[in-house]
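Any read-out appearing in this document is the output of simple, stated calculations on the displayed coordinates, not a laboratory observation. The shown structure was predicted, so the numbers you read here are calculated from the model rather than taken from an experiment. In this analysis, Cβ positions are derived from the backbone assuming ideal geometry, glycine residues included, and neighbour counts consider all displayed protein chains.
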Amino acid sequence: MLWGHTLRSPHAHARIHGIDVSAARTQPGVHAVLTHEDVPGEKLYGLEFRDQPVLAADLVRYFGEPVAVVAAEHPEQARRAAELIRV
C-alpha cells in the first residue's frame, strides 16, 4: 500500500516558474512524484464547469491549491519528500 501527500501552495496568488521534483524522487520509499505534466488527458475538472486545474501549472489561484503529489511507502516519507520539492 502507498500513502500520498499533496504539496499545496502557501500563497494565495502566484506564478509558477518551475517545479523541481528531482530531490523528492530520490528519497527512500518514494514511488512517484506527480505534477501537472503527469496528469493524463483532461487537466481541468469541476462540478458544473471544468475550470479547476487538477494540479497547478503556471499560476496558483488560491492558498492551498494542489501543486504536486507524492506517493510513498509511509506517510512520513511522503511528507518529507514533498518538503524537498522546489517551486
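Miscellaneous remarks
- Mean residue ellipticity at 222 nm, helices only, the chain: -3500 deg cm²/dmol; runs of at least 4 DSSP H residues each add -39,500 (n - 2.57), and the sum is divided by the number of residues.
- Positive dipole terminus of region 3-87, leading residue within Trp3, Ile19, Gly41 (C-beta point charges): Ile19
- Diffusion constant of the chain at 4 °C, which comes from Stokes-Einstein with the Kirkwood Cα-pair radius and 1.567 mPa s, µm²/s: 98 µm²/s
- Descending Cα extents along the principal axes, region 32-80, whole Å: 35, 25, 21
- Electrostatic dipole magnitude of region 3-83 [Cβ: Lys, Arg +1; Asp, Glu -1; Cα centre; debye, to 20]: 140 debye
- Each Cα pair under 8 Å and six or more residues apart adds its sequence gap; the mean of these over the residue count of the chain is a relative contact order of 50 percent.
- Region 1-28 and region 47-61 have Cα centres lying 16 Å from one another.
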